[in-house]
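S.K.: Take a look at this one; I'll ask things after.
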Amino acid sequence: MENSYARKYASMGPGKYSYVFAYVITAFFYLITGTLVLGLIFSGIVNISPDDVFMLELYGFVVMLIFGVSYIFIPAMSGKTPSGKIQALEFTLLNLGIITVFSSSVARYYYDLASIEFLGFILITISAVMHIMNTVPFGKKTVPLKPKKVPEN
């Protein structure tokens with residue numbers, strides 16, 4: 001008998017990986033936004049530091065993509081079913097942190113917003129800790145999914 005994660009996520013029907021798709025779509029949104037802003041910076045239209053955009057692409061694209069993909073692989077290997085409520089809160093905190101870090105780092109050339117930028121990094125850190133706690137089975141014995149037999153030709 002398969003565990004609850006396998007029953008819940010075995011088929012790739014719509015809605016089964018809604019947060020995975022949300023993470024991936026949001027990651028590509030941040031990639032496109034960062035690339036367009038970098039183009040505006042390098043063409044001289046926008047006068048901000050490229051370092052701010054690299055932070056947006058690091059946390060917005062790379063971290064979002066890693067979080068989304070890890071919601072497929074880690075629970076499938078460990079057998080732990082992630083909580084949808086924690087996923088929603090984690091997704092929200094991560095986005096708030098990314099937007100806060102990016103906007104405050106752009107505005108720091110005009111205002112002293114170091115404490116607000118630090119708050120953004122705290123939100124990202126809380127989101128990362130929530131992600132780890134939601135995916136990795138600490139102290140629980142779980143049963144990994146058994147591979148399905150593939151018929152030979």
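S.K.: Can you tell me which residues in the range 17-43 are exposed (fewer than 13 other Cβ atoms within 10 Å of the Cβ) and modelled with pLDDT under 90?
M.R.: Within the range 17-43, just Ser18 meets the criteria.
S.K.: Related question: For the range 82-124: of the residues being of a type in the set (Val, Ile, Thr) and crowded, with 18+ Cβ neighbours inside 10 Å, which is nearest to Ser49 (Cα to Cα)?
M.R.: Val106
S.K.: Sticking with this structure for a sec: Which condition number does Tyr110 fail, the rest of (1) assigned to a helix (DSSP H, G or I); (2) of a type in the set (Ser, Thr, Tyr); (3) out of contact with any Pro (no Cβ under 7 Å at 6 or more places or on another chain) being met?
M.R.: (1)
S.K.: Here is a check on your reading of the model: is Tyr5 modelled with pLDDT under 85, over 16 Å from Ser103 (Cα atoms) and not β-branched (Val, Ile, Thr)?
M.R.: yes
S.K.: A further question follows. Within the set of pairs 6+ apart or on separate chains, which have a first residue in the range 18-31 that is touching a residue at least 12 places away in the same chain (Cβ under 8 Å), a second that is acidic (Asp, Glu), and C-beta atoms under 8 Å apart?
M.R.: Tyr30/Glu57; Leu31/Glu57
S.K.: Residue check: is Ser127 touching an Asp or Glu at 6+ places or on another chain (Cβ under 8 Å), of a type outside the set (Lys, Arg), farther than 20 Å from Ala27 by Cβ and in a helix (DSSP H, G or I)?
M.R.: No; evaluated as a whole, the condition is false for this residue.
S.K.: Additional query: Is at least one residue of the range 59-68 more than 18 Å from Leu31 (Cα to Cα) and either surrounded by fewer than 18 Cβ atoms within 10 Å (Cβ to Cβ) or touching a residue at least 12 places away in the same chain (Cβ under 8 Å) (or both)?
M.R.: No - not one qualifying residue is present in the range 59-68.
S.K.: For the range 129-139, name all the residues that are among the hydrophobic types (A, V, I, L, M, F, W, C), surrounded by fewer than 16 Cβ atoms within 10 Å (Cβ to Cβ) and out of contact with any Ser or Thr (no Cβ under 9 Å at 6 or more places or on another chain).
M.R.: Across the range 129-139, the qualifying residues are Val129, Ile132, Met133, Phe138.
S.K.: Of these, Phe91, Phe138, Phe102, which one is modelled with pLDDT of 85 or more and out of contact with any Leu (no Cβ under 8 Å at 6 or more places or on another chain)?
M.R.: Within the list Phe91, Phe138, Phe102, the selection yields Phe91.
S.K.: Tell me which residues, restricted to the range 56-67, are touching a Phe, Trp or Tyr at 6+ places or on another chain (Cβ under 6 Å) and under 16 Å from Leu36 (Cα atoms).
M.R.: Leu56, Gly60, Phe61
The values are calculated or read from the model by the stated rules, or taken from the named source; none is laboratory data. Here the structure is a predicted model, which is why all the values come from computation and not from measurement. All Cβ positions, glycine included, derive from the backbone under ideal geometry; neighbour counts span all protein chains shown.
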